[in-house]
Amino acid sequence: MSDTSSNAMWGGRFAAGPDAIMEAINASIGYDKRLAAQDIAGSRAHAAMLAATGILRDSDAEAIREGLLTVLSEIESGSFAFSTALEDIHMNVEARLKEIVGEPAGRLHTARSRNDQVATDFRLWVRDQIDAAITGIEALIRALLTQAEAGAGWVMPGFTHLQTAQPVTWGHHMMAYVEMFSRDLSRFKDARVRMNESPLGAAALAGTSFPINRHMTAEALGFDCPMANSLDAVSARDFALEFLGAASICAMHLSRFAEELVIWSSAQFRFVTLSDRFSTGSSIMPQKKNPDAAELIRAKIGRIFGANVALMMVMKGLPLAYSKDMQEDKEQVFDAADNLMLALAAMEGMVKDMSANRDKLAAAAGSGFSTATDLADWLVRVLDMPFREAHHVTGALVALAESKNCDLPDLTLDDMKSVHDAITDEVFGVLGVDNSVASRTSYGGTAPEQVRAQVARWKEVLG
């Protein structure tokens, strides 16, 4: 039987037969080449430690370190030829290093394994992504603070169930997202502290008999300390899962805000105008200005959620220590990190560029009987009415306004007295939307003075 017929079951792509299939499923260089900088940094630290402990001759260590810099330069310039046959970034780097420095390259892998090597590389890469996420979130928070400060006194409707509830201020709404993203910031910072331990030196799973100095390599790579258990060091991927968990919550917040921007920029709302830089037109409808950046943020969130679930599923059934399944830990994390950073940058750009339509916001703030709660509070505060009774009286006044096709401030005093004769004209002082927001002076409330105080606090926190 010919090779062609024997391989028919594999399909045309794998013309070389099962060996090609094994190479394709086993190789990770197509994506783990993104770990090149981290891999070379880890190898340079390892070589320096081997020399310091007398395991490696100084001359060999120096040749290795210089050779690794050459490899890194080739990778960064795009001249490096990656090989699928060499499986992964570690073997690609080592093979090229041998071509450059010769025999000393074979000594680099003393007292380590690809198991602790990849765990180290991946931790370094995720740590870099956490730092990038922190920077991106801080930039978004600063953009929100600028919007909040400018609109600290601009009234707009506050919603529950997407129905008009009570007047709030534009600044207060922006500050709600500042608080949400600040918690994302703290999650990433907390995750960074927990994951900042070095697996390097755990070797395959049991440590090594060579007299290595794991504290030296940990310090060289910016880790706080070495991981305390070699089995855990090579098999743990909870640092990546925690990154994905924090990324998923942050992405959810981005998606909620994106949804609001889609609604607010619609012709029915016109609360905001998004800049042309973050909108597109229609190929057939010339009047359209589509909030595509917000919509794409909203969609990309699914990829981040999916990455979180995918890695959970990879890890859930693995016994200690290392299994080849764990090669599937990177693509999802790479994709999630890329999309999170893109979404953060796009949201920051939209927030910086968008314009709030103050007149539209104010008009909408006064609709839908948004000051009904202020009326009920006034009945309690001034007439000493039990709140349940005040709620009932206010409901009757809303019904009366609806029957007259007007809003609460448009009712006459006689109209109000027809529902409850103790009401005085003092009530009109609380029914305007500006009066309503100004009265909400409790800590964390929507009063402009409270909004400005929170803006000042956050400016001080961020420095």
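The values are calculated or read from the model by the stated rules, or taken from the named source; none is laboratory data. This one's a predicted model, so the numbers in the text were calculated from it and none came from an experiment. Glycine also receives a Cβ, built like all others from the backbone with ideal geometry; neighbour counts cover every protein chain displayed. Only protein heavy atoms, including side chains, enter the accessible area calculation; ligands, DNA and RNA are left aside. Shrake-Rupley method; radii C 1.70, N 1.55, O 1.52, S 1.80 Å.
Below are the figures for this structure:
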{"read-out": "Point-to-point label distance, ASN405-ARG270, nm (Cα→Cβ direction, 7 Å offset)", "value": "2.2"}
{"read-out": "Full-stretch length increase - LYS98, SER442 - with 0.36 nm per residue and alpha-carbon distance subtracted", "value": "117.0 nm"}
{"read-out": "Estimated FRET transfer efficiency (PHE387, ASN26; beta-carbon r; R0 60 Å; 0.05)", "value": "0.30"}
{"read-out": "Of GLY67, ILE212, PHE278, farthest towards positive along the dipole that unit charges on Lys, Arg, Asp, Glu beta carbons give the chain", "value": "GLY67"}
{"read-out": "Eligible lysines near LYS404 by straight Cα distance, threshold 18 Å, same-chain separation 8 or greater", "value": "LYS417"}
{"read-out": "Difference of contour (0.36 nm per residue) and Cα-Cα distance, MET313 to ALA204", "value": "36.9 nm"}
{"read-out": "Two-site FRET efficiency, CYS225 against ALA456, from Cβ-Cβ distance with R₀ of 35 Å, rounded to 0.05", "value": "0.35"}
{"read-out": "Pairs beyond 27 Å (Cα-Cα), from LYS98/LYS316; LYS300/LYS330; LYS189/LYS289; LYS189/LYS330; LYS189/LYS459", "value": "LYS98/LYS316; LYS189/LYS289"}
{"read-out": "Extension gain (nm, one decimal) between LYS289 and ASP338, 0.36 nm per residue minus Cα-Cα", "value": "15.0 nm"}
{"read-out": "Vicinal HN-Hα couplings computed from phi for the stretch 419-429 (Karplus, 6.51 cos²θ - 1.76 cosθ + 1.60; Hz; Gly/Pro x)", "value": "8, 8, 6, 8, 5, 10, 5, 4, 4, 5, x"}
{"read-out": "Average accessible area per residue (Å²) across the stretch 367-462 - probe 1.4 Å, nucleic acids and ligands excluded", "value": "53"}
{"read-out": "Karplus (6.51, -1.76, 1.60) ³J(HN,Hα), θ = phi - 60°, over the stretch 252-257, in Hz, Gly and Pro reported as x", "value": "4, 5, 4, 5, 4, 5"}
{"read-out": "Amide H within-cut-off set for VAL272, under 5 Å, with H built and near neighbours excluded", "value": "SER265, ASN357"}
{"read-out": "Heavy-atom surface of the stretch 72-145, accessible at 1.4 Å and reported per residue (Å²)", "value": "37"}
